[in-house]
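**Q** Have a look at the structure that comes next, please.
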Amino acid sequence: MSSDSDIPRQDELARERLIDLAAEFYDQFAAGEVPSMQIPTRTKSNIEYDEEKGVWVYGDRHSTRSANTVGGAQKLLKAIYVIDFLQNQLEENRSSTLRELYYLSESWDLDAAQFNSQDESNGLIEDLEIVSHVKREDFHMRPEESGAKVMGPLLIREQTNRGEREIHCQDDVGQGGYQIPNNVDTVEFLDHDADFVMAVETGGMRDRLVENGFDEDYRCIVVHLGGQPARATRRLTKRLHDELDLPVTVFTDGDPWSYRIFGSISYGSIKSAHLSEYLATPQAQFIGIQPSDIVEYDLPTDPLSDSDVNALRSELEDPRFQTDYWREQIELQLDINKKAEQQALASRGLDFVTDTYLPERLEEMGIV
Amino acid sequence: MTSYQSELGGGGDVAEELAKGQRAISIAEFFEKNKHMLGFDSGARGLVTAVKEAVDNALDATEEAGILPDIYVEIAEAGDYYRLVIEDNGPGITREQIPKVFGKLLYGSRFHAREQSRGQQGIGISAAVLYSQLTSGKPAKITSKTQGSSRAEYFELIIDTDTNEPEISVEDTTTWERPHGTRIELEMEANMRARQQLHDYVKHTAVVNPHARIEFREPSEHLKYERATDEMPAETTEIRPHPHGVELGTLIKMLGATDSYSVSGFLQSEFTRVGQKTADSVVSNFRDRHYGREMAWQPPQSHQDADIEAAITDAVNGKGKEATAAFAAAVADAVGGRDRVAHHELVAVVEEAADDVEADSGVTFGDTVRENAVDAAWREVVVGREADCYRLVDDATTSRKDDAAVEALARRVATAFANAEDARDRLTHDTLSGYVQRAAERTKERDDVSFGETARENVVETFWSVARSVPDDAPSVTETEGDRDTASELLEAMRETDILAPPTDCLAPITGGLVKAGLQKEYDADFYAAATRDAEVHGGDPFIVEAGIAYGGDLPAEGQVDVLRFANRVPLVYQRGACASTDVVKRINWRNYGLDQPGGSGMPNGPAVLMVHVASTNVPFTSESKDAIANVPAIEDEIELALREAAREMKRYLNKRRSMEKRQRKQDVIADILPRMADKLSEVTEREELHVGDSLARIMNNVLVEREVDGGHVKLVVRNFSDTNAEPDVTDIVGADPGDPEGAQVVEMDGEWFVKWSPTVSSGETAVLEYDVGDDTTFDISVEGIEDAKLTVNA
């Protein structure tokens, strides 16, 4: 998968899958049937835990896109136009971003096939991923924003447009670290000197860890998530775990939105549950900030807003958070009605996080 | 200012003086000064009214004779004047009648008849004659020919306004090409400024008289309105007045004119819907009103301090002990056996007992003895009056009322009876009501307990229900006629009695089918609806309201809808704003029915024509010129119901049309998208071109007709994707002889063969229509019997 000789073959496979999909529609037409496709319902209520793989995947509920309605017919028309576009792109070995696809549809001869919003084109790409079982990266579709940055004792080889590069993620990079490419499968891990991986939510905290030399002192690969992590970041994290057998930890703010970030790394996100197997790292462990840390370290806090409370309640119902640990922490947070940022640890001094908090937590978790 | 008052003392000269100027004026003279009242207020209007009166007469005359009307109207410029000619194919008018019909105001056969007709007063056509002679000085020229006559009568005449008599200047016979009919020619000062109203009048007349053929020629246009049906309007019969519809003056007049002696006979012979039973009810009500009822009391109970037997024994003198005792016992027994007894019942009891004892004992009981006995017994009966009143009041009021209050009221009512002049306790409903009212007022004043309106009414009704009608004979017809109050009592009794609605064979509604036909004939619309209500009564005159709606098509979509108003099949063209039908149209919420209505009330907008027809033996107009229907609530309600009924049909149509349009839009979009999808799919998969007809028809639940040609073998495949049976007429026009295909009709015309099948295809099924022709022929298919939006033809 990650070796260079595979890539043209993989492109060919993706293209075949697309054409197969078109052929299905073709056959439906030829049989005088109403063309349609079935897509799993992408909601919280339709994800279920796959015991075998330890990740959350879509359940059995499907919705049908069919040409029976004007809306359905338009969606299918767009899908067919996108299929045509993608198979051409693969054939010509080009790539484009999701946003480019949205604008590109303006150039299509048929007005009815054009997208009304980027959400629509993004959603359609997800649909096609699901029905064709091909990842969008393999369609050569990139997200607009880049993947996150990595700092730590890791030597990699990346295939770039300008040839192969070998990079050491501490020695060969600046203060900002190594930039993960959109398609992580072009990266090969050559060597490493690390004991564990730590995914950090905020840029400020990553910079603090790097400045304090945490990555060197604790032989840690620090991965910056930058909010809700991009697919590439999640994929990289999973590969670090699977290929290098490193424990993965997640360090975020102490609020409901940050728990979801952990959730998407650990359990897979709802929108891309079809790719959970490929993106999720079920073994990832949550460092904090835990609600119990807020109490224990008496951190400076903000009160929970209404939307925070709603988000926490919704997490209590989220199948991914149905564990004793999470139920306890969420209920505690609802009880104390407070949240704290990672930077709140600075109230105990700039070195508190690297000298005290993280070592204590990591020891508790059995990582160091 | 001269004050006559001050001169009155001086003598009777003023009245004399005034009397010199007072004289009877003829109706014709009156008209001369009040032309506007009859619709002749201007030259423009006068022309419309004259046309209208003449055409109305023509239609009435032909209809009465059972002739399909053929009417010719011509307006031509004639020097300074306009010449108006109206011809009909009616039965004609006899020589004797012609001068009176055209030369005398208020002459006609209609005024006294209760029957639906266009004209009623006999003013119309002679008013037109009068108007023309007043403005042009020319006489009216009348030609009339009756069936079977070889020559036509010809008159030239004017009306003598002093005497209201015709003044004939020419009387002759002439030849006329029509086999029968009447022609009138008038010259009058006029103008064509009311051209629009004239056209409206003629057009609307054609709408509402689809059985008539009308030709209309005016200086700048020549229009023909053809007949849409040969069906004549139903013949109408004259009916007698309905008891609910007469007024006091009319009633007294009728009482004076009748041959009947009894009121019952009078009612049965002079009114419609009155038989023996109804007459009895009316008479009974009449007697109650005239004489009142007699209050019936419970006979003395054992615990009460009253003894009829003893009282009678005391009152009867010198009849022997035995006979007296037998008599007293018989009366006491008979009274005691009754629930209640009224004075006249007591009289009857005493009479019977006296007769019996007389027969048994041979002792004579004279009138005086009997009267004394009645008085004595009655005194005993009324001893229990107060207690009885208490029971009745208690029954009538709710249990929440204080016992003392009930007692107080009962006592006061009983006292009122006791103090009444008529010892027989005979009283009218009004008097009884007065007793209760006063008793209640007093009770409120003195005891501070109020009995509300309902409670008082209940008490009155409870008393009235136990009171007995008196056996006295109802006043005779002569007595009733002679006394205004008695006549008024009879009228009230008539109104109070429930009587069947009048028969409706005196009315001739246009009927739903012909309303639609009429609208269809004159308006090119997409949809027509009509509603005819059942007959109702207003003031004793039955009436029927009909409504019609035309929608869409060539009707202008902008601006307000047109409202066509008709009374007895006559179009009303003036005073739209004053008409009840307009008011009703404005108060209906037309948005409910799919018409645009700015502000939710008032005249609706949109491509529609509304029609309202009121047929009655007496249409109430706001004025003598008969331009607007008066705001009578009973008629307004019926107009509203009729319009709503027709509007509901329109709404259903519009809903269906909207859903069809929606379906068509969907079909248009899908029919645009599917082929593009198919093209793209062929391109991506690099396979041959796709046909999407089947998928499209399936999506639209349509009926699909497809052609397959293989050599000379033609297959028409009809697939029904809808959920109902399809029965299309499929016609294939073929350029070569198809032979004799199975199940098809073949007609050859000018080298083209029309092959027609009418298959029935159930939901989800397929029918295959096959035939053989040579190669290289042409096809042209047409499929009918299935709405376009539900049909996909691919052949």
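**Q** Once all Cα-Cα distances of the stretch A:179-225 are split into 5 Å bins that start at 0, what whole-number percent is in each one?
**A** Bin by bin from 0 Å, the calculated values are 5, 19, 24, 26, 17, 9, 0.
**Q** Next question, about the same structure. Once you keep just the Cα pairs under 8 angstrom separated by 6 or more residues, what percentage relative contact order results for chain B? Mind showing how you got there, number by number?
**A** Numbers: 1490 pairs, mean separation 79.5, N = 795.
Relative contact order for chain B comes out at 10 percent.
**Q** Further question: Calculate the spin-label point distance for B:GLN560 paired with A:ASP302, positioning each point 7 Å from the Cα along the beta-carbon direction, and give it in nanometres.
**A** Result: 6.4 nm between the two label points.
**Q** Further, regarding this structure: For the protein assembly as shown, what does the equivalent ellipsoid look like in terms of its semi-axes, each the square root of 5 times an eigenvalue of the Cα gyration tensor, given largest first in whole Å?
**A** Details: eigenvalues 1844, 635, 184 Å².
Calculated on Cα positions only, the semi-axes equal 96, 56, 30 Å.
**Q** Counting each pair of different Cα atoms once, what's the Kirkwood radius of the stretch B:537-595 in Å, rounded to one decimal?
**A** 13.7 Å
**Q** Pop a pseudo-label 7 angstrom from the Cα along the beta-carbon direction at both A:GLN118 and B:SER169 and give the gap in nm to one decimal.
**A** Reported label-point gap for A:GLN118 and B:SER169 is 9.8 nm.
**Q** Any idea what Rg and Dmax come out to for the stretch A:290-337 if you just take the C-alpha atoms, in Å?
**A** Just the Cα atoms of the stretch A:290-337 yield Rg and Dmax of 10.9, 31 Å.
**Q** Sticking with this one: Compute the projected area of the convex hull of the Cα atoms of the stretch B:241-352, averaged over all viewing directions, and report it in nm² to one decimal place.
**A** 10.8 nm²
**Q** Of B:MET677, B:PRO759, B:PHE463, which is farthest on the positive side of the dipole of chain B, counting Cα position, with +1 on Lys and Arg Cβ, -1 on Asp and Glu Cβ, and the Cα centre as origin?
**A** Value: B:MET677.
**Q** Looking at B:GLN276, B:GLY743, A:GLY349, which one has the Cα that reaches farthest to the positive end of the dipole of the protein assembly as shown (charges on Cβ: Lys, Arg +1; Asp, Glu -1)?
**A** Positive-most Cα among the choices belongs to B:GLN276.
**Q** Once you have the alpha carbon radius of gyration of the stretch A:6-142, what is it after dividing by 2.2 N^0.38 Å, with N set to its residue count?
**A** Working: Rg = 15.5 Å, N = 137, 2.2 N^0.38 = 14.3 Å.
Normalised by 2.2 N^0.38 Å, the Cα Rg of the stretch A:6-142 equals 1.09.
**Q** Moving on to the next point. Under the definition of Cα pairs under 8 Å and six or more residues apart, what whole-number percent is the relative contact order of chain A?
**A** Relative contact order here is 14 percent.
**Q** For the modelled label position 7 Å from the Cα of B:ARG391 along Cα-to-Cβ, which residues of the stretch B:316-348 have backbone nitrogen atoms closer than 16 Å?
**A** It comes to B:335-343, nothing else.
**Q** Ok, one more. Pop the C-beta distance of B:ARG151 and B:ILE781 into the FRET formula with R0 = 60 Å and round what comes out to the nearest 0.05. If you can, show how the numbers build up before the last one.
**A** Values: r = 65 Å, r/R0 = 1.08.
Calculated value: 0.40.
**Q** Quick one: compute a quarter of the convex hull surface over the Cα atoms of the stretch B:629-668 and quote it in nm².
**A** Mean projected area of the Cα convex hull: 3.2 nm².
**Q** Could I ask something else about it? How high is the relative contact order of the stretch B:27-225, given as a whole-number percent (alpha carbon pairs under 8 Å, six or more residues apart)?
**A** Computed over the stretch B:27-225, the figure is 27 percent.
**Q** With +1 assigned to the C-beta of every Lys and Arg and -1 to the C-beta of every Asp and Glu, and no other charges, what is the dipole magnitude of the protein assembly as shown about the Cα centre in debye, to the nearest 20?
**A** Details: 121 positive and 216 negative charges, 575 e Å.
Dipole of the protein assembly as shown, to the nearest 20 debye: 2760 debye.
**Q** Let me ask something else. State the dimensionless ratio Rg/Rh of the stretch B:305-453 (Rg: radius of gyration of Cα atoms; Rh: Kirkwood radius).
**A** Answer for the stretch B:305-453: 1.10.
**Q** In square nanometres, what is the average projected area of the Cα convex hull of chain B? Present the calculation step by step, with values, prior to reporting the outcome.
**A** Values: hull surface 259.7 nm².
Computed as one quarter of the Cα hull surface, the answer is 64.9 nm².
**Q** Of all GluC sites (Glu not before Pro) in the stretch A:23-117, which ones are in loop regions per DSSP and have a Cβ with at most 10 other Cβ atoms within 10 Å?
**A** A:GLU51, A:GLU52, A:GLU92
**Q** Give me the net charge of B:MET700's neighbourhood, meaning all other residues with Cβ under 9 Å from the Cβ of B:MET700; Lys, Arg count +1, Asp, Glu -1.
**A** Working: positive: B:ARG663, B:LYS666, B:ARG698, B:LYS790; negative: none.
Charge balance in the 9 Å sphere: +4.
**Q** Take the Cα atoms of the stretch B:308-383, find their three principal axes, and give me the spread along each one in whole Å, biggest first.
**A** Cα extents, longest axis first: 31, 19, 18 Å.
**Q** How charged is the neighbourhood of B:GLU171? Take every other residue with its Cβ under 9 Å from the Cβ of B:GLU171, and add Lys/Arg as +1 and Asp/Glu as -1. Before the final figure, lay out each step's value.
**A** Working: positive: B:ARG95; negative: B:GLU153, B:GLU156, B:ASP172.
So the surrounding residues net to -2.
**Q** Continuing with this model, one more query. Do any GluC sites (Glu not before Pro) in the stretch B:229-270 lie in a loop, going by DSSP, with at most 16 other beta-carbon atoms within 10 Å of their beta carbon, and if so which? Don't skip to the end; give the middle numbers.
**A** Values: sites: B:GLU231, B:GLU235, B:GLU238, B:GLU247, B:GLU270; in loops: B:GLU231, B:GLU235, B:GLU238, B:GLU247.
Those that pass, being in a loop and sparsely packed, are B:GLU231, B:GLU235, B:GLU238, B:GLU247.
**Q** By the scheme Lys and Arg +1, Asp and Glu -1, what is the net charge of all other residues having a beta-carbon under 12 Å from that of B:GLU636?
**A** -3
**Q** Another one. In whole Å, what are the extents of the stretch B:612-758 along the principal axes defined by its C-alpha atoms, from largest to smallest?
**A** Computed over the Cα atoms, the extents are 82, 46, 27 Å.
**Q** Loop only per DSSP, at most 13 neighbouring Cβ atoms within 10 Å: give me the chymotrypsin sites (Phe, Trp or Tyr not before Pro) in the stretch B:33-111, ordered by residue number.
**A** For chymotrypsin sites (Phe, Trp or Tyr not before Pro) across the stretch B:33-111 that sit outside H, G, I, E and B with at most 13 neighbouring Cβ atoms in 10 Å, the list reads B:PHE111.
**Q** Counting only trypsin sites (Lys or Arg not before Pro) that sit in a DSSP loop (anything but H, G, I, E, B) with at most 10 other Cβ atoms within 10 Å, what is the longest stretch of chain A containing none of them?
**A** Here the longest run is A:163-368.
**Q** Just give the residues from the stretch B:651-681 buried by at least 20 square angstrom of accessible area in the all-chains context relative to the isolated chain, probe 1.4 Å, and say none if nothing qualifies.
**A** B:LYS666, B:VAL669, B:ILE670, B:ILE673, B:LEU674, B:ARG676, B:MET677, B:LYS680, B:LEU681
**Q** Next question, about the same structure. State the extension gain, in nm to one decimal, for the chain segment bounded by B:ALA359 and B:GLU238, taking 0.36 nm per residue of separation less the distance between their alpha-carbons.
**A** On the way: separation 121, 0.36 × 121 = 43.56 nm, distance 5.89 nm.
Length difference between fully extended and current span is 37.7 nm.
**Q** Per DSSP helix of 4 or more residues, -39500 (n - 2.57); summed, then divided by the residues of the protein assembly as shown. What does that give at 222 nm, rounded to the nearest 500?
**A** Calculated from helices alone, the mean residue ellipticity at 222 nm is -13000 deg cm²/dmol.
**Q** If I model a spin label at A:ASN337 and B:ASP13 as a point 7 Å from the Cα along the Cα→Cβ vector, what separation in nanometres do I get?
**A** Roughly 10.9 nm, to one decimal.
**Q** Viscosity 1.002 mPa s, temperature 20 °C: what is the translational diffusion coefficient of chain A from Stokes-Einstein with a Kirkwood Rh over Cα pairs, rounded to a whole number of µm²/s?
**A** 96 µm²/s
**Q** Here's a follow-up. What per residue convex hull volume, in Å³, comes out for the stretch B:512-655 when only alpha-carbon positions are used?
**A** For the stretch B:512-655, the hull spanned by Cα atoms encloses 99 Å³ per residue.
**Q** Where the eigenvalues come from the Cα gyration tensor of the stretch B:332-374, what are the semi-axes √(5λ) of the equivalent ellipsoid, largest first, in whole Å? The partial results should precede the final answer.
**A** Working: eigenvalues 76, 29, 8 Å².
Equivalent ellipsoid of the stretch B:332-374: 20, 12, 6 Å, largest first.
The values are calculated or read from the model by the stated rules, or taken from the named source; none is laboratory data. All values reported here derive from a predicted model rather than from experimental measurement. For neighbour counting, all protein chains shown are included, and Cβ atoms are generated from backbone atoms with ideal geometry for every residue, glycine included. Side chains included, ligands, DNA and RNA excluded: accessible areas come from the protein's heavy atoms. Shrake-Rupley method; radii C 1.70, N 1.55, O 1.52, S 1.80 Å.
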